[in-house]
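See structure below.
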Amino acid sequence: MDFAQAIEGRCSVRQYLPDPVPRADVERMIALATRAANAANQQVWRFIAVEDRETLLAMRRAVEDRLDELAARPELAAYAREVRATRPSATFFAAAPLCVAVLVVPYASRMDRLLELCGATQQERDRLRQRPDLQSVGAALQVLITAAYTLGYGACWMTAPVIAAEQLEHVLGVEQPARLVALVPIGRPASALRRSSRLPLDAVLSFR
């Protein structure tokens, strides 16, 4: 398929067949993801391809335990049911034959250091710099899920599980200063693809 077909055809997939994803395909997807545009070519992304079923189940338990912990907090007593209702959308990654954990490592540009010397707080620096590290990882994530589609797989960019980031990092053996920013389950789609609608162009584009 050409570039436009890949972009327009891709959609989020949340149900997968159990067929394993060959490692050659995993390596191809990640290799393409690492070609994404990124700040100062620092390539701050790291990827962990999780195939082991016990590890995936441990990751799911970590997210479930974290959600249960939140639901039990007194300040969320009125919202406990709402917190628990997020379980399916935060844990379906465990049913995929492959889940890619996406990490970011710290990055500080010359401008970041200059702003810090000027006394700018972290919040002020984030406002002025708009987190080039996370923008870089986001670019790689977009390439990753599109590459998965071109190879015949379904994928979904997930941030809901990151509510249990610390626990997931422990399960995965992530060492500081890297930190988890997203999970991407990948597998052959279990049902027909359903593409979501997009806002009309005149709602998102303006000219000056």
Fraction of accessible area attributable to carbon and sulfur, the chain (%, probe 1.4 Å)
52
So between Gln130 and Ala108, what do we pick up on full extension, going 0.36 nm a residue minus the alpha carbon distance?
6.7 nm
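Quote the Stokes-Einstein diffusion coefficient, in whole µm² s⁻¹, for region 1-77, based on the Kirkwood radius over alpha carbon pairs, a temperature of 10 °C and a viscosity of 1.306 mPa s.
Working: Rh = 16.6 Å.
Taking Rh from Cα pairs, D becomes 96 µm²/s.
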Taking every pair of distinct Cα atoms and averaging 1/r, then inverting, what Kirkwood hydrodynamic radius in Å comes out for the chain?
18.8
D (µm²/s, integer) via Stokes-Einstein for region 37-151, Kirkwood Rh across alpha-carbon pairs, 37 °C, 0.692 mPa s: value 191
Would you work out the relative contact order for region 49-208, in percent, from Cα pairs under 8 angstrom that are 6 or more residues apart?
31
Mind running the shape call on region 123-196? Use the C-alpha gyration tensor, a ≥ b ≥ c as the square roots of the eigenvalues: rounded below 1.5 for a/c, prolate if a/b tops b/c, oblate otherwise.
oblate
Which of Asn41, Pro177, Val100, positive extreme of dipole for the chain (C-beta unit charges):
Asn41
Rounded to one decimal in nm, the spacing of the 7 Å Cα→Cβ label points at Leu205 and Asp2 is 1.7
In Å², what does the accessible area per residue of region 96-208 work out to with a 1.4 Å probe?
59
Would you kindly state how much longer the chain becomes between Ser89 and Gln176 on full extension, computed as 0.36 nm times their sequence separation minus their alpha carbon distance, in nm to one decimal?
28.6 nm
Give the peptides 197-207, 158-168, 14-24, 38-48 in descending order of average Cβ contacts within 10 Å, highest first.
158-168, 38-48, 14-24, 197-207
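Explain nothing, just the number: dipole magnitude of region 49-176 about its Cα centre with +1 on each Lys and Arg Cβ and -1 on each Asp and Glu Cβ, in debye rounded to the nearest 20.
In debye, rounded to 20, region 49-176 gives about 360.
Scan the chain and note any complete DSSP helix (H) whose C-alpha atoms cover at least 20 Å along its axis and whose Kyte-Doolittle average is -1.0 or more.
53-71, 132-150
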I'd like the FRET efficiency for Glu75 and Gln123, computed as 1/(1 + (r/R0)^6) with the beta carbon distance as r and R0 of 25 Å, rounded to 0.05.
0.60
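The values are calculated or read from the model by the stated rules, or taken from the named source; none is laboratory data. Everything numeric here is computed off the predicted structure, so don't read it as measured data. Every residue, glycine as well, gets a Cβ built from its backbone with ideal geometry; the counts of neighbours run over all protein chains shown. Heads up: the accessible areas ignore ligands, DNA and RNA and are worked out on the full protein's heavy atoms, side chains in. Shrake-Rupley method; radii C 1.70, N 1.55, O 1.52, S 1.80 Å.
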